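Below is one structure, written out as structure tokens; the observations come after it.
The values are calculated or read from the model by the stated rules, or taken from the named source; none is laboratory data. Keep in mind it's a predicted model, so treat the numbers as computed, not measured. Neighbour counts run over all protein chains shown; Cβ positions are idealised from the backbone, glycine included.
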Amino acid sequence: MKHRLLQFDRLQPSLEAALAERYDVHPLWQESDPAAFLAQRGHEFVALVTRAASGADAALIGALPSLRIISSFGVGLDKIDLDAARQRGIAVGYTPDVLNDAVADTAFGLLLDVARGLSSADRFVRRGEWPKKNFPLAVQVSGKKLGILGLGRIGRVIARRAAGFDMEVRYHNRRRLDDAPYAYEASLEDLARWADFLVIASAGGPEARHLVSAKIIDALGPQGFLINISRGTVIDEAALVEALAQRRIAGAGLDVFENEPHVPEALFALENVVLLPHIASATHETREAMAALVLENLDHFFAQGAPKASAI
């Protein structure tokens, strides 16, 4: 018999087809009253597949008394109640590593765009302004100082990208990494004060909420740029909007926001910010690799008792 699996929300078609082939899948997203459905039939499911953006809170986990594994499409864990999973002995699989390159590429795309004004220049041409005046001078990227908050899997790939631009790299983590070939700043404020570009690549979660505060933004200063491909909650968004509007920092490149998909409207009119709809890992190649790992985590768990990539 196939294991009974609950699919929390929509996934890419190739993954949905593969799950349906291997497992007895029920799509919770099709239920008009999910809570009522779970109250009646939640005990049937031994596996849950979700996305990082949706997660699995304590209420959902509690409604699935037979649950043995959660397999999440993504690397973000801030919306999965890991403590609730640990208490029940539920395995949690996720999809690290396979998206490192795509996210690092997006970080550098944002960095180049906001520094050189590429999106702004595109709008300038489309508005028909080029025949009337010159586009303003921009900031060179090569040779500048790059600070990275979170030198994990993705942060290290971003640092390697920086070498191609002859950038000096420093980083801040909760602790110094013995194997890191980059200078360590014990204080995030000191890193921000030093950097020309500050890239946020840290994990999210309650402990990281508003880690990049108004104080850190001010330390980055009027010549500094902020890039975020992590989680919107890591930055005090209201403080960032104010700093951008007042030009207390030079600019920002943002792929994530505090209340996605809602973006502060005050940012729409600003030319010193580039806004993306959380697409850092959104390539065909990366999403297929993530889908494959979601399946591998499930298959590996049912065959060997643990997901291939475990989050706890």
Residue that is surrounded by the fewest Cβ atoms within 10 Å (Cβ to Cβ) [pool: residues in region 69-83 that are touching a Lys or Arg at 6+ places or on another chain (Cβ under 9 Å) and modelled with pLDDT of 95 or more]: Phe73
statement: Note on region 9-18: residues part of a helix (DSSP H, G or I) and either without any contact (Cβ under 8 Å) to a residue 60 or more places away in the chain or more than 26 Å from the chain's Cα centre (by Cα) (or both) are Pro13, Glu16, Ala17
- prompt: Mind checking which residues of region 278-312 are of a type in the set (A, V, I, L, M), more than 26 Å from Glu258 (Cα to Cα) and not in a helix (DSSP H, G or I)?
  reply: Ala306, Ala309
task: Please determine, by comparing only the residues of region 84-119 that are closer than 27 Å to Leu19 by Cβ and free of Cβ contacts under 8 Å to residues at least 40 places away in the same chain, which one is surrounded by the fewest Cβ atoms within 10 Å (Cβ to Cβ).
output: Gly89
field: Lone unmet requirement of (1) in contact (Cβ under 8 Å) with a residue 12 or more places away in the chain; (2) assigned by TED's automatic domain parsing to the domain that holds Ile216; (3) under 23 Å from the mean Cα position of the chain (by Cα) for Val139
entry: (3)
message: What are the pairs with Cβ atoms under 9 angstrom where one residue, in region 169-192, is assigned to a loop (DSSP other than H, G, I, E, B) and surrounded by fewer than 20 Cβ atoms within 10 Å (Cβ to Cβ) and the other, located anywhere, is at pLDDT 95 or above and of a type in the set (Phe, Trp, Tyr)? Sequence gap at least six, or different chains.
response: Asn173/Tyr184; Arg175/Tyr184; Arg176/Tyr184; Leu177/Tyr171; Leu177/Tyr184; Ala180/Tyr171; Tyr182/Tyr171
Qualifying positions in region 69-83 - in contact (Cβ under 8 Å) with a residue 60 or more places away in the chain and either of a type in the set (Asp, Glu) or assigned by TED's automatic domain parsing to the domain that holds Thr233 (or both): Asp78
- prompt: When you look at Asp166, is it assigned to a loop (DSSP other than H, G, I, E, B), in contact (Cβ under 8 Å) with a residue 24 or more places away in the chain and over 18 Å from Asn100 (Cα atoms), yes or no?
  reply: yes
Output for region 28-66, where each listed residue is in contact with a strand residue (DSSP E or B) (Cβ under 7 Å, 6 or more places away or on another chain) and not aromatic (Phe, Trp, Tyr): Leu28, Glu44, Val46, Ala47, Leu48, Val49, Thr50, Arg51, Ala52, Gly55, Ala56, Leu64
message: Can you report the number of residues in region 19-68 which are crowded, with 16+ Cβ neighbours inside 10 Å, in contact (Cβ under 8 Å) with a residue 60 or more places away in the chain and either among the polar types (S, T, N, Q) or under 19 Å from Thr95 (Cα atoms) (or both)?
response: 4
message: It is to be established whether one or more residues within region 269-289 are among the basic types (Lys, Arg) and surrounded by fewer than 20 Cβ atoms within 10 Å (Cβ to Cβ).
response: no
query: If we keep just the residues of region 218-237 that are polar (S, T, N, Q) and not in a loop (DSSP other than H, G, I, E, B), which is surrounded by the fewest Cβ atoms within 10 Å (Cβ to Cβ)?
result: Thr233
message: Kindly evaluate Gly204 against the criterion of being modelled with pLDDT of 95 or more and either of a type in the set (Phe, Trp, Tyr) or not assigned by TED's automatic domain parsing to the domain that holds Ala52 (or both).
response: no
